[in-house]
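Below you'll find the structure, written out as structure tokens, and then a few comments.
The values are calculated or read from the model by the stated rules, or taken from the named source; none is laboratory data. Note that this is a predicted model, so its numbers are computed, not measured. Every residue, glycine among them, receives a Cβ derived from its backbone with ideal geometry; neighbour counts consider all protein chains shown.
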């Protein structure tokens with residue numbers, strides 16, 4: 001079926017280390033299933049700022065737009081914290097999502113039973129957790145205009161952002177969530193703040209109007225603060241959670257604790273012609289170069305790439321089964337190690353998953 005072109009954006013901090021393991025696993029998949037993947041590496045974030053003075057160079061963007069899929073590590077570095085907003089590493093990620101038209105962010109939160117004791121929550125609460133968070137990715141506070149910081153004549157500064165959504169933006173992400181629920185447990189929770197925000201009132205009204213097109217899906221509206229509480233108190237009640245950009249950012253990081261570590265959660269950003277795949281964790285500069293970062297979220301993101309961009313369900317399942325096998329046999333990186341099993345470094349965990357394929 002030809003060569004699949006993958007743009008590889010290692011990024012900053014532990015990004016290059018975990019991405020190397022995902023590429024290793026994809027190469028193993030190619031060998032096992034007779035696929036050919038072509039990997040082209042580009043700089044982004046802090047690495048790009050050092051090299052070219054901008055977080056998302058034109059060459060990187062062009063390479064991403066002309067690939068079949070994008071694999072990203074992480075962006076962010078403390079040395080750029082004092083930069084103006086347009087010259088921060090994180091700006092590259094927002095720009096890339098916008099340019100790829102990747103408006104739908106899929107974040108699965110599934111507990112591997114062998115990791116139940118790695119979570120700070122009680123085993124009886126989290127066993128059986130299997131959630132998909134569908135986050136709108138190119139609207140809301142992160143992209144709304146006007147935004148900025150103003151200074152009045154007395155020298156007092158005021159920062160402001162705009163949360164903005166159109167019915168079209170809400171409908172397109174809601175359709176994806178409803179369809180996802182149809183293929184899962186047929187329960188959809190739509191998280192908003194409709195008791196306070198006009199944006200959320202429109203969100204709730206629009207999602208409710210679409211529900212009639214999906215009579216097999218049970219829709220429940222839930223306030224985002226209650227959703228955050230319920231994720232910890234009774235996570236098994238959730239199947240698919242639909243929410244806007246900032247709420248989804250926060251809820252998915254919270255949900256990571258159900259799985260034992262944020263290093264376990266992959267994501268897929270889809271909607272445009274080219275999908276973007278990345279772990280939900282950050283660049284973790286304090287772990288850089290120590291061979292301790294957990295690569296499993298990035299490897300699982302590669303599995304999502306196979307499933308969503310290349311329609312290789314069998315190959316994606318092979319990776320996910322290899323991850324499960326590694327965990328069942330006791331392999332643990334430092335973030336999920338609780339004194340039992342074999343402590344493995346980043347490279348060792350990647351090697352084990354690739355070899356087991």
- With respect to the numbered conditions (1) touching a strand residue (DSSP E or B) at 6+ places or on another chain (Cβ under 7 Å); (2) at pLDDT below 95, which one is the sole condition not fulfilled by residue 275? (2)
- Can you name the number of the only condition in (1) at pLDDT 95 or above; (2) surrounded by fewer than 24 Cβ atoms within 10 Å (Cβ to Cβ); (3) under 19 Å from residue 275 (Cα atoms) that residue 22 fails? (2)
- residue 248 passes all but one of (1) within 30 Å of residue 63 (Cα to Cα); (2) at pLDDT 95 or above; (3) in contact with a helix residue (DSSP H, G or I) (Cβ under 8 Å, 6 or more places away or on another chain); (4) buried (at least 22 other Cβ atoms within 10 Å of the Cβ); which number fails? (3)
- Query: Residues in the stretch 319-335: is at least one in the same structural domain as residue 76 (by TED's automatic domain parsing), touching a strand residue (DSSP E or B) at 6+ places or on another chain (Cβ under 8 Å), crowded, with 18+ Cβ neighbours inside 10 Å and within 20 Å of residue 274 (Cβ to Cβ)?
  - Reply: no
- Selected residue (only one of 30, 53 is at positive phi and surrounded by fewer than 19 Cβ atoms within 10 Å (Cβ to Cβ)): 53
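Can you tell me which of 92, 116 is modelled with pLDDT of 95 or more, touching a helix residue (DSSP H, G or I) at 6+ places or on another chain (Cβ under 8 Å) and either surrounded by 12 or more Cβ atoms within 10 Å (Cβ to Cβ) or not assigned by TED's automatic domain parsing to the domain that holds residue 277 (or both)? Let's see the steps before the verdict.
Numbers: 116 fails: modelled with pLDDT of 95 or more.
Being modelled with pLDDT of 95 or more, touching a helix residue (DSSP H, G or I) at 6+ places or on another chain (Cβ under 8 Å) and either surrounded by 12 or more Cβ atoms within 10 Å (Cβ to Cβ) or not assigned by TED's automatic domain parsing to the domain that holds residue 277 (or both) holds for just one of 92, 116, which is 92.
Can you tell me which residues in the stretch 336-347 are part of a helix (DSSP H, G or I), over 20 Å from the mean Cα position of the chain (by Cα) and buried (at least 17 other Cβ atoms within 10 Å of the Cβ)? Steps first, please.
Keep residues of the stretch 336-347 that are part of a helix (DSSP H, G or I), which gives 336, 346-347.
This time we only want the ones that are over 20 Å from the mean Cα position of the chain (by Cα), so: 347.
Selection gives nothing.
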- Item | the stretch 169-198 - residue that is in contact with a helix residue (DSSP H, G or I) (Cβ under 6 Å, 6 or more places away or on another chain) and part of a loop (DSSP other than H, G, I, E, B) and, of those, nearest to residue 236 (Cα to Cα) | 193
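Kindly evaluate residue 55 against the criterion of being in the same structural domain as residue 270 (by TED's automatic domain parsing), within 27 Å of residue 246 (Cα to Cα) and touching a residue at least 24 places away in the same chain (Cβ under 8 Å). Give the derivation first.
Details: in the same structural domain as residue 270 (by TED's automatic domain parsing): yes; within 27 Å of residue 246 (Cα to Cα): yes; touching a residue at least 24 places away in the same chain (Cβ under 8 Å): yes.
Yes; evaluated as a whole, the condition is true for this residue.
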- Qualifying positions in the stretch 113-138 - in a loop (DSSP other than H, G, I, E, B) and over 16 Å from the mean Cα position of the chain (by Cα): 119, 120, 121, 122, 127, 128, 129
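Any residue that is closer than 25 Å to residue 235 by Cα and touching a residue at least 40 places away in the same chain (Cβ under 8 Å) - is there at least one of those in the stretch 303-319? Lay out the reasoning, then the answer.
Here is the first cut: in the stretch 303-319, the ones closer than 25 Å to residue 235 by Cα are 303-304, 317.
Then keep just the ones that are touching a residue at least 40 places away in the same chain (Cβ under 8 Å); that gives 304.
There is at least one residue in the stretch 303-319 that is closer than 25 Å to residue 235 by Cα and touching a residue at least 40 places away in the same chain (Cβ under 8 Å).
Hey, does the stretch 146-167 have a residue that's in a helix (DSSP H, G or I), buried (at least 19 other Cβ atoms within 10 Å of the Cβ) and touching a helix residue (DSSP H, G or I) at 6+ places or on another chain (Cβ under 9 Å)? Before you say what the answer is, go through the steps one by one.
Start the filter on the stretch 146-167 by keeping residues that are in a helix (DSSP H, G or I), which leaves 167.
Next, only the ones that are buried (at least 19 other Cβ atoms within 10 Å of the Cβ) stay: none.
No: the stretch 146-167 contains no residue that is in a helix (DSSP H, G or I), buried (at least 19 other Cβ atoms within 10 Å of the Cβ) and touching a helix residue (DSSP H, G or I) at 6+ places or on another chain (Cβ under 9 Å).
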- Task: Could you check residue 305 against (1) buried (at least 20 other Cβ atoms within 10 Å of the Cβ); (2) under 11 Å from the mean Cα position of the chain (by Cα); (3) assigned to a helix (DSSP H, G or I) and say which number it fails?
- Result: (2)
